[in-house]
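Every number in this text was worked out from the coordinates using simple rules, so none of it is lab data. The structure presented is a predicted model; accordingly, all values stated were derived computationally and were not measured. Virtual Cβ from ideal backbone geometry, glycine too; neighbours counted across all protein chains shown.
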Amino acid sequence: MAADGKVWRRGIPCKATGNGTNSRKVLRLWWGSVILFDMSTQISSSGKTRSSVNLVRSSHSWTEAESAAGFVLRYLSPMRKQLTAVMGSTEEADQALRILLTHLVSAGFGEHRRGRLRDFLARAVKSCAKARLAEQAGAEQASAEQGGTESDPEKSASVTLDSKQWLVLWRNCLLERAWRALERMQHQEANRPLYSVLWASTIHPKASLEEIAAEVEKASSVKLDQVQLQQLKLEAKAAFAQLLADEVVETLENPDKAAVKKEIQSLGIGSAFSGLTV
C-alpha cells in the first residue's frame, strides 16, 4: 500500500458486462494494484449531501451465528486458497475443508466462539490441514504394511501458515463481498448504477467524466450526464465504504466503533473510508 493509503491490492472484481436487470455480471480477481480516488462527500438520491459512514450500523457478530458451517461458507474462498498453498493441490484442500465443515456441522464454534473470525479460521485451516495429512498418513501406513511406500510421520507437524498471506486473502475476501453487495444494490435499482460507476472510476482513475460515462453506459445501459455521474460517484464511494464496514463488523466478537476502526487499519482498507466521517 502506498504511503498515502490510496492503493488497494487485489480484491477488486472485473468490469461488469451485460444488462444490469437481465444478466448476471461476472466477478473475477487478479493480482495488481488499483487506485481509488478520494471523495469527501456523498450525495443521496434526494439531493442532500452527507459524508458519514456508520461503522456499527450492523451489530451481528459471527459469534451469534445460528449455523457455524453455514456462516463459514461465506469465507470459503480465502480458506481454500490458503489450504491449496499448504496442501499443494486444490483436491487436497477440498478434502481438508470437508473435515472442517463436517466438524462445524456437528460441533459448531464451541468454546472457540470468541475473538476475530479471521483468527479462528486461520487456526481452523491449520487444524484441518493437519487432520487431512493424518488421514493420508494412515492410508500410507496401511499401504506400507501391504508393501507400499512408508508414510512420513513428521509431515503433519510441519504445517505452517503464512500470516501475511492469510491477511491478504482475508482482506481480498471482504473487499470482494463488499463489491458484490454494491452490485446487488445496482440490480435492485438499475437506474442508479452505483457499482458500474465506482468500478469504472476505480480502474480508470485518470479518465474524464465523459469517458467514465461511456464505460458506465456500456456496462449498465444507463446514460448519465456529468452532473448525474458526479453525484453517483460520490454516493457510490460512501455506499461501498458502508458495505465494507458491515462486512468487518460481522467478523468481530465485540464490534464497537473502536474495534472496527482497529480492524480496518489492520487490514489496510482505510482508503475506502478516506474523506468520509466515520
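Remarks
- Residue exposure sequence - 222, 248 - by fewest surrounding Cβ within 10 Å: 222, 248
- Each residue of segment 197-214 is assigned a 3J(HN,Hα), and the resulting list reads 5, 5, 5, 4, 5, 6, 7, 10, x, 9, 6, 6, 4, 5, 5, 5, 4, 5 Hz, derived from the Karplus form 6.51 cos²θ - 1.76 cosθ + 1.60 (θ = phi - 60°), x at Gly and Pro.
- Per-residue HN-Hα couplings for segment 252-257 [Karplus 6.51, -1.76, 1.60; θ = phi - 60°; Hz; x = Gly/Pro]: 10, 6, 10, x, 7, 4
- Value of Rg/Rh across segment 46-118 [Cα atoms, Kirkwood radius]: 1.17
- For residue 115, the residues 5 or more places off, or on other chains, whose built amide H falls under 5 Å of its own are 253.
- Gap separating the Cα centres of segment 90-105 and segment 163-206, nearest whole Å: 28
- Residue-wise HN-Hα coupling along segment 61-72, computed from phi with Karplus coefficients 6.51, -1.76, 1.60 (Hz; x: Gly, Pro): 8, 4, 5, 9, 4, 6, 10, 4, 5, x, 5, 5
- Close amide-amide hydrogen proximity is noted between residue 278 and 53, each under 5 Å apart and 5 or more residues distant or on a separate chain (H modeled in the peptide plane; Pro and chain starts excluded).
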